[in-house]
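Here's the structure we're looking at; comments come further down.
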Amino acid sequence: MSDEREQVQRRREQASRRRDRDREAWRKRNEAARERQERGVSRALRDRDVSLLDLVDRLLAGGVVIHGEITLAVADVDLVYVGLRALIASVETIERDVGVSLSATGPSLKASAL
């Protein structure tokens, strides 16, 4: 009987140490997340004078991909599926990064013709 009690007591002690270790790890992760959030908020407050024009310029220079899917179903039977993929970028960015030529090069579009 005493061996069983000792084993039970050891298991309880091990579980207690494990719980304490897990609590400490959770506390550290929580603290690190809070610090990251505070740094992000302070950076946003510091850089908040970005105009809409600057934002649009950054988006067009880098490009943005919008992806979405909608499925309408009744009684687990798919009736309508709508998929959307849109690339929003400047012509210059697409030509440079994707390698697709989108510029119009007709003779009527030359600067001298206008």
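Since every read-out is calculated from the coordinates, none of them should be taken as a lab result. Computed from a prediction, not measured in an experiment: that's the story for all the values here. In this analysis, Cβ positions are derived from the backbone assuming ideal geometry, glycine residues included, and neighbour counts consider all displayed protein chains.
Points 7 angstrom from Cα along the Cβ direction at Asp78 and Thr93: gap in nanometres?
Going from the Asp78 label point to the Thr93 one covers 3.1 nm.
Using 0.36 nm times the number of residues separating Glu31 and Ser16, minus their current alpha carbon distance, what extension gain do you get? The partial results should precede the final answer.
Working: separation 15, 0.36 × 15 = 5.40 nm, distance 2.24 nm.
Net length gain for the segment: 3.2 nm.
Please turn the phi angles of the stretch 66-75 into ³J(HN,Hα) values with the Karplus equation 6.51 cos²θ - 1.76 cosθ + 1.60 (θ = phi - 60°), one per residue in order, whole Hz, x for glycine and proline.
Ordered by residue, 3J(HN,Hα) equals 10, 10, x, 9, 9, 10, 9, 9, 10, 6 Hz.
Please find the FRET efficiency linking Arg43 to Ile70, where r is the Cβ-Cβ separation and R0 is fixed at 22 Å, and quote it to the nearest 0.05. All intermediate terms of the calculation are to be shown ahead of the outcome.
Numbers: r = 35 Å, r/R0 = 1.59.
Taking R0 as 22 Å, the efficiency between Arg43 and Ile70 is 0.05.
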